[in-house]
Amino acid sequence: MNAIFSLYNLSTKVRDLSVHVFPLVIGRSPDAGITLDDRWVSRRHCLIEVQSGQLLVRDLGSKHGTFVNDGQVTESVLKPGDKLNIGLTTLVAAYEPPLANKAPAAISV
């Protein structure tokens, strides 16, 4: 799966990150897949993995929590357009959902 995360610090867009290797750890650690310079982010803050063609985010016992669309989560599906908030950083997910969840195309005969 390929996903693009738009990265915001407070309200300012910093950059877009293209990700195609999962599972992915986000945190302050230099060993994290996405390393954030944010004092409110734990070294290993959360994990993003692919399950059934969707992104799943899991908090890794962070001190300040992981939030999806402003609600604190321990684990949650991350749908396209959802906002993942960790510390002062927001990541907005963009990816193609699995074909099974899309409406069937019209077929004309």
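Table for the structure above
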{"quantity": "Per-region count, the stretch 1-39, residues part of a loop (DSSP other than H, G, I, E, B) and either among the acidic types (Asp, Glu) or closer than 18 Å to GLY87 by Cα (or both)", "calculated": "12"}
{"quantity": "Given (1) touching a residue at least 12 places away in the same chain (Cβ under 8 Å); (2) open to solvent by 30 Å² or more (accessible area, probe 1.4 Å), index of the condition SER11 fails", "calculated": "(1)"}
{"quantity": "In the stretch 37-50, the residues that are closer than 16 Å to THR90 by Cβ and at pLDDT 95 or above", "calculated": "TRP40, VAL41, HIS45, CYS46, ILE48"}
{"quantity": "In the stretch 40-56, the residues that are over 13 Å from LEU84 (Cβ atoms), open to solvent by less than 70 Å² (accessible area, probe 1.4 Å) and not β-branched (Val, Ile, Thr)", "calculated": "SER42, GLU49, GLY53, GLN54"}
{"quantity": "Only one of PRO23, PRO80 that is loosely packed, with under 14 Cβ neighbours inside 10 Å, under 13 Å from the mean Cα position of the chain (by Cα) and not hydrophobic (A, V, I, L, M, F, W, C)", "calculated": "PRO23"}
{"quantity": "Any hit, the stretch 51-64, residues being modelled with pLDDT of 95 or more, in a loop (DSSP other than H, G, I, E, B) and within 14 Å of the chain's Cα centre (by Cα)", "calculated": "yes"}
{"quantity": "Set ASP59, ASP70: member being crowded, with 18+ Cβ neighbours inside 10 Å, free of Cβ contacts under 8 Å to residues at least 60 places away in the same chain and over 12 Å from GLY87 (Cβ atoms)", "calculated": "ASP59"}
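The values are calculated or read from the model by the stated rules, or taken from the named source; none is laboratory data. As the structure is a computational prediction, the values presented were derived from the model and not from experiment. Cβ sites come from the backbone with ideal geometry, for glycine too, and all protein chains shown count toward neighbours. With ligands, DNA and RNA removed, areas are computed over all heavy atoms of the protein, side chains included. Shrake-Rupley method; radii C 1.70, N 1.55, O 1.52, S 1.80 Å.
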